[in-house]
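I have placed the structure first, in the form of structure tokens, so that the comments after it can refer back to it.
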Amino acid sequence: MKILEIEGGKTLSGTVRISGAKNSAVALIPAAILSDEEVTICNVPEITDIEALCEILKYLHADVSRTNDSIVIKSNHMENREIPTNLSKKLRASYYFMGALLGKYGYVKMRFPGGCSIGARPINLHLKGFEALGATIKEQHNCYLVEAKELKGANIYLDFASVGATLNIMLAAVKAKGTTIIDNAAKEPEIVNVATLLNNMGAKITGAGTSTIKIQGVSSLGSCFHEVIPDRIEAGTYIILGACCGDHLKIENIIPEHVEALTSKLQEAGVPLEIGIDSITVTKAKKPKAIQVRTQTYPGFATDFQQPFSVFLTQCEGKSKIEETIYENRFMHIPYLTQLGADIRVKNQTATIIGPTPLIGSSVVATDLRAGAALVIAGLIAEGKTQITNVEHIVRGYEQIVEKLTNIGANIKEREI
Ligand code: EPZ
């Protein structure tokens with residue numbers, strides 16, 4: 001088992017370069033199979049989620065080649081086989097193969113275990129969209145059979161502005177007959193990145209990034225070259241780290257607008273930020289003050305920032321509150337922060353955090369990706385040594401996290417035990 005060992009209490013400075021967005025790349029790769037020709041995607045992060053998707057592509061006999069940060073995908077010799085649980089369960093985003101295979105062949109059979117530690121995470125809205133496009137769905141013991149004699153454009157209203165449902169319906173609709181309207185669509189930047197890829201392949205999508213997306217079906221999609229946008233969640237994680245223990249820590253290769261909800265909250269707490277064209281430089285505030293935060297869909301304060309941000313709030317003067325409105329079980333890092341010395345109480349979906357409290361190193365467990373990131377930040381500001389187990393949760397979403405942290409002065413090592 002891999003663990004991280006951190007000797008905390010250091011001031012971090014220098015430059016962190018942000019990688020391509022995990023939550024964009026995991027949709028771009030399945031989307032690429034909709035083309036009948038070669039698709040090249042660059043700035044793809046080297047993380048285990050991407051490896052898992054490439055395994056599925058190879059299982060489907062697509063041609064996949066990876067050089068440095070680029071992936072070249074050719075799907076004209078692909079075989080539409082049933083995707084087994086051992087491949088689909090490695091990441092939730094495997095469900096994008098439902099929309100992509102349905103959109104390409106009118107048929108998909110895959111085992112999808114669903115759920116995860118932060119919540120039930122049903123896919124009812126994805127399936128509602130597929131049915132609206134004319135598909136029939138059979139589900140038995142987490143095995144989904146989705147097929148349509150002919151996919152027809154439809155008007156689809158999403159009860160919740162779901163990122164996954166918006167993208168999956170888009171993938172199924174790009175080659176449907178007629179026009180599809182997705183209302184109450186998610187507006188996250190990753191939606192725009194995927195719509196741009198599809199349009200570069202010849203799709204006709206307008207409105208991505210707004211709550212109404214229009215897709216005019218086309219008969220075929222061609223080759224293209226596309227770039228993954230910078231990872232706003234990775235960027236935000238390092239910005240929060242800088243607010244906790246940075247000295248002019250520069251986070252570069254970012255789109256500041258994508259983290260505006262976070263940076264405005266940090267400024268409200270008194271954190272000095274220098275916001276550039278494609279970078280943000282952050283220094284720890286002497287006495288940051290307690291604030292209130294509520295997670296929302298984009299452009300609101302992202303739920304993926306909630307867990308790392310709660311560590312910053314343990315260092316703020318006074319009583320802070322952070323309300324999680326997106327997932328029902330996204331506070332599993334709290335007991336470990338308390339073990340490190342934080343003063344946090346959770347009631348319903350709100351964590352109340354009294355600060356500042358000194359954090360003292362201890363052995364803790366990463367329960368999920370962003371909880372793990374939160375514990376890395378906590379270990380870096382805690383006095384003494386912190387050991388984090390279940391590191392696989394962290395490396396699936398943060399490219400070269402040990403190298404990036406070491407380069408800015410952190411004492412962090414990955415060990416096998
Ligand atoms: C994406 O998950 C991200 N994952 C999540 O990031 C992110 O937290 C989330 O969007 C919200 O921004 C990827 O992009 C791979 P949703 P997704 O559909 O698409 C409910 C990370 O840490 N819902 O917007 O699954 C659902 O239960 C991960 O990188 C339904 O009820 O998010 C949840 O409560 C974690 N029915 C809420 O909506 C549905 O059919 C948000 O889900 C779909 C969703």
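Each reported figure results from applying straightforward, stated rules to the coordinates on display, with no laboratory input. Computed from a predicted model, the values in this text were never measured in an experiment. Cβ placement follows ideal geometry from the backbone for every residue including glycine, while neighbour counts extend to all protein chains displayed.
Before moving on, here are some points about what is shown:
- Along principal axes, Cα extents of the chain, largest first, whole Å: 62, 44, 38
- DSSP bridge orientation in segment 22-227 - percent antiparallel, rounded to nearest 5: 75 percent
- Gaussian network model of the chain, springs between alpha carbon atoms under 10 Å - residue of D231, D49, D278 with greatest fluctuation: D278
- Charge dipole of the chain (Cα centre as origin; +1 on each Lys and Arg Cβ, -1 on each Asp and Glu Cβ, all else neutral): 760 debye, rounded to the nearest 20.
- Taking the alpha carbon gyration tensor of segment 137-193, multiplying each eigenvalue by 5 and rooting it gives semi-axes of 21, 16, 10 Å, largest first.
- Among 143-153, 127-137, sorting by the average number of other beta carbon atoms lying within 10 angstrom of each residue, highest first, gives 127-137, 143-153.
- FRET efficiency for K109 and R66, using Cβ-Cβ distance with R0 set to 30 Å, rounded to 0.05: 0.65
- Helix-only [θ]222 nm of the chain, DSSP H runs n ≥ 4, -39500 (n - 2.57) each, per residue, nearest 500: -9000 deg cm²/dmol
- When each of the peptides 98-108, 166-176, 399-409, 248-258 is scored by the mean number of other C-beta atoms lying within 10 Å of its residues, the order from highest to lowest reads 166-176, 98-108, 248-258, 399-409.
- Gyration tensor (Cα) of segment 326-417, equivalent ellipsoid semi-axes in angstrom: 23, 16, 11
- Across all directions, the average projected area of the convex hull around the alpha carbons of segment 282-389 is 6.4 nm².
- For segment 253-259, 3J(HN,Hα) per residue [Karplus equation, 6.51 cos²θ - 1.76 cosθ + 1.60, θ = phi - 60°, Hz, x = Gly/Pro]: 6, 10, 10, x, 4, 6, 10
- Kirkwood analysis of the Cα pair distances in segment 1-138 returns a hydrodynamic radius of 16.7 Å.
- Peptide ranges 350-358, 76-84 listed from the most packed, as the mean C-beta count within 10 angstrom indicates: 350-358, 76-84
- Convex hull of Cα atoms in segment 62-119, direction-averaged projection (nm²): 5.1 nm²
- Sequence-distant residues sharing a close amide H with D247 (under 5 Å, placed H): L12, S13, K284
- R0 of 41 Å, Cβ-Cβ distance S219-E82: FRET efficiency to nearest 0.05: 0.95
- Among the DSSP helices (H) of the chain, those spanning at least 18 angstrom by Cα along their long axis with an average Kyte-Doolittle hydropathy of 1.6 or more are 369-381; this is a geometric and hydropathy rule only.
- Theoretical gain in end-to-end length, E150 to S13 [0.36 nm per residue, Cα-Cα removed]: 43.7 nm
- More than 21 angstrom apart: percent of Cα pairs within segment 95-167: 21 percent
- Cα principal axis extents for segment 172-229, largest first, Å: 29, 29, 14
- Length available on full extension from D36 to I277: 0.36 nm per residue minus the Cα-Cα distance, which gives 83.1 nm.
- Taking amide H as placed 1.01 Å from N in the peptide plane, L359 has its amide H under 5 Å from the amide H of E383, each at least 5 places away in sequence or on another chain.
- DSSP beta bridges in the chain [antiparallel fraction, %, rounded to 5]: 70 percent
- Of the Cα atoms belonging to segment 22-227, the radius of gyration and Dmax stand at 15.2, 41 Å.
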